[in-house]
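Taking it in order: structure first as structure tokens, then the write-up.
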């Protein structure tokens, strides 16, 4: 399975390759992971896998994200630990 091939029919509604890969527990973003319902995020270690998602619910340790099938894995909703999610950089929003 090569995530570089794109999603579903070979294309994504977003240019996911523009999102920086951020490993889980990365020091540069560890303290900046305050999430709220409605925020746009992505799976930091591999943006192409899940695509871009909207936060639906936040608990102390977990975040429910609706990806609407925008990534290679065609996932619609998933539950993540906070350290795996990254906010989409403001500088990239217009480019995606």
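Which residues, taken from segment 44-67, are touching a strand residue (DSSP E or B) at 6+ places or on another chain (Cβ under 8 Å) and at pLDDT below 90? Within segment 44-67, 61 is the sole residue that qualifies.
Within segment 5-29, restricting attention to residues that are at pLDDT below 85 and touching a helix residue (DSSP H, G or I) at 6+ places or on another chain (Cβ under 7 Å), the residue that is surrounded by the most Cβ atoms within 10 Å (Cβ to Cβ) is 24. Here's a check for you: in segment 68-96, which residue that is exposed (fewer than 15 other Cβ atoms within 10 Å of the Cβ), out of contact with any strand residue (DSSP E or B) (no Cβ under 9 Å at 6 or more places or on another chain) and assigned to a loop (DSSP other than H, G, I, E, B) is modelled with the highest pLDDT? Of everything passing the filter in segment 68-96, 74 is modelled with the highest pLDDT. Here is the figure for segment 36-67: residues that are buried (at least 18 other Cβ atoms within 10 Å of the Cβ), over 11 Å from the mean Cα position of the chain (by Cα) and either assigned to a loop (DSSP other than H, G, I, E, B) or on the phi > 0 side of the Ramachandran plot (or both) total 0.
The values are calculated or read from the model by the stated rules, or taken from the named source; none is laboratory data. None of the values given here were measured: they were computed from a predicted structure. Every residue, glycine among them, receives a Cβ derived from its backbone with ideal geometry; neighbour counts consider all protein chains shown.
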